[in-house]
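The values are calculated or read from the model by the stated rules, or taken from the named source; none is laboratory data. Remember, it's a predicted structure, so these values are computed and weren't measured experimentally. Every residue, glycine as well, gets a Cβ built from its backbone with ideal geometry; the counts of neighbours run over all protein chains shown. These accessible areas exclude ligands, DNA and RNA; they are computed on the full protein's heavy atoms, side chains included. Shrake-Rupley method; radii C 1.70, N 1.55, O 1.52, S 1.80 Å.
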Amino acid sequence: MKILVINGPNINMLGIREPGVYGSQSFAQLQRLLNEWAQELGIEIEQFQSNHEGSIVDKIQAAYGNFDGIVINPAAYTHTSIAILDALKAVALPAVEVHISDVSAREDFRQISYAGMACIHTFMGLGLEGYHQAMIYLKNHLESR
Ligand code: DQA
């Protein structure tokens, strides 16, 4: 089982950016945790982070035929990107959305998630543990098909 884990803009700044919102763990720590969780769950993952919308679209397209599912935190593109929504719909791979913070309790402009419209589930407000929960959810989903 191969899962692509995508992180959008500014997620590479974890640990530095707004620690009161996103916590004090660094992006390198998140990358390590993702690999540990993958090993624990017996799944293969590839990690991808980009600050560029088109690069994320390219990566989602390239996942077609090469991955069984996607875990995605589109970060700010969550609330703006119809291109990422369309890419997720195009490849039609089961995708799970993650947000480190509880976006539902934040600004009005964060209340819409375009990417979420193509996802089977969303985890938010759980900190980095949300990625772990998303991997477990996706694994169970793929195994139950
Ligand atoms: C985020 C929430 C988004 O609104 C924000 O733009 C981010 C991170 C989160 O993980 O909580 O960059 O996706």
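At 7 Å along Cα-to-Cβ for each site, give me the label-to-label distance between S55 and E107 in nm.
2.3
Which of the three applies to segment 98-145, rounded, prolate or oblate, going by the alpha-carbon gyration tensor with a ≥ b ≥ c and a/c under 1.5 meaning rounded?
Note, shape of segment 98-145 comes out oblate.
Compute the FRET efficiency between A62 and I120 as 1/(1 + (r/R0)^6), taking r as their Cβ-Cβ distance and R0 = 22 Å, and round to the nearest 0.05.
With a Förster radius of 22 Å, E is 0.60.
Between segment 76-128 and segment 1-66, what's the alpha-carbon centroid distance in Å?
About 14 Å separates the Cα centre of segment 76-128 from the one of segment 1-66.
Only Cα pairs under 8 Å and at least 6 apart count here; give the relative contact order of the chain as a rounded whole percent. If you can, show how the numbers build up before the last one.
Values: 260 pairs, mean separation 37.8, N = 145.
Relative contact order, the chain: 26 percent.
Work through the residues other than A90 whose Cβ is under 14 Å from its Cβ and net out their charges, Lys, Arg +1 and Asp, Glu -1.
On the way: positive: K59, K89; negative: D58, D86.
After counting each charged neighbour, the total is 0.
If I compute solvent accessible area with a 1.4 Å probe over the protein chains, what percent of it on segment 71-145 is carbon and sulfur?
54
Just the accessible area per residue of segment 34-114, please: how many Å² with a 1.4 Å probe?
Per residue, segment 34-114 has 47 Å² of solvent-accessible surface.
If you stretched the chain out fully between Q39 and A76, how much longer would it get, using 0.36 nm times the residue separation minus the C-alpha to C-alpha distance?
10.4 nm
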